[in-house]
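**Student:** I'd like to ask you about the structure that follows.
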Amino acid sequence: MSFRTDIHAGYPFRRVRVLHRPDSSYAVTAWDRDSTLRIARRVDEAGGFTEFTYDRYVDTLQLRIARTDSMQRQFTLRGIVLDGDDPGVVLHALGVNGASTTSWLRCQRFSEELAPGTGPRHPLHRHQRRA
């Protein structure tokens, strides 16, 4: 992500969740030019995300997405969540201009992606499918 002006003050974060199709044929890693920065990586295949925790706040995300299986041809990125330790409420907007509620509800994985980390095996998702 980049901004064309210097107006943006930045968005410092300590944790990142990369939401993606759970598939072991791709590895997602975070890196930084600062060799003193420590980044812990955790993969949750059931939840469909890879999470990175930094030892301090940063304002730049650098990712590598590497194919680990030569037969795999695509990687499905579903979103990126930047998070910190500050208390409060974060408001995000679903932003496609002109999209109506019915447009969003047609998305096959809408509820699954709206609640990342609960995974398709979570009881909430089983209940939603029956409804």
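The values are calculated or read from the model by the stated rules, or taken from the named source; none is laboratory data. As the structure is a computational prediction, the values presented were derived from the model and not from experiment. Every residue, glycine among them, receives a Cβ derived from its backbone with ideal geometry; neighbour counts consider all protein chains shown.
**Student:** Would you please name the residue that is modelled with the lowest pLDDT, looking only at residues in region 86-105 that are of a type outside the set (A, V, I, L, M) and either under 25 Å from residue 56 (Cβ atoms) or surrounded by 10 or more Cβ atoms within 10 Å (Cβ to Cβ) (or both)?
**Tutor:** Checking each candidate, the answer is 92.
**Student:** OK, next. Would you tally the residues in region 23-37 being assigned to a loop (DSSP other than H, G, I, E, B) and either charged (D, E, K, R) or over 20 Å from residue 83 (Cβ atoms) (or both)?
**Tutor:** Number satisfying all stated conditions: 8.
**Student:** Looking only at region 46-62, count every residue that is acidic (Asp, Glu) and either under 12 Å from the mean Cα position of the chain (by Cα) or surrounded by 13 or more Cβ atoms within 10 Å (Cβ to Cβ) (or both) and tell me the total.
**Tutor:** Number satisfying all stated conditions: 1.
**Student:** Among the candidates 10, 47, which residue alone is assigned to a loop (DSSP other than H, G, I, E, B) and modelled with pLDDT under 75? Talk me through it step by step, then tell me what you get.
**Tutor:** Numbers: 47 fails: modelled with pLDDT under 75.
None of the others qualify; the one that does is 10.
**Student:** Here's a follow-up. If you take the residues of region 57-85 that are touching a strand residue (DSSP E or B) at 6+ places or on another chain (Cβ under 7 Å) and more than 26 Å from residue 22 (Cα to Cα), which of them is modelled with the lowest pLDDT?
**Tutor:** Of region 57-85, the ones touching a strand residue (DSSP E or B) at 6+ places or on another chain (Cβ under 7 Å) are 57-58, 61-68, 72, 75-85.
Add one more test, that the residue is more than 26 Å from residue 22 (Cα to Cα), and what stays is 57-58, 85.
On the way: 57: 93, 58: 93, 85: 79.
Going through the qualifying residues, I end up with 85.
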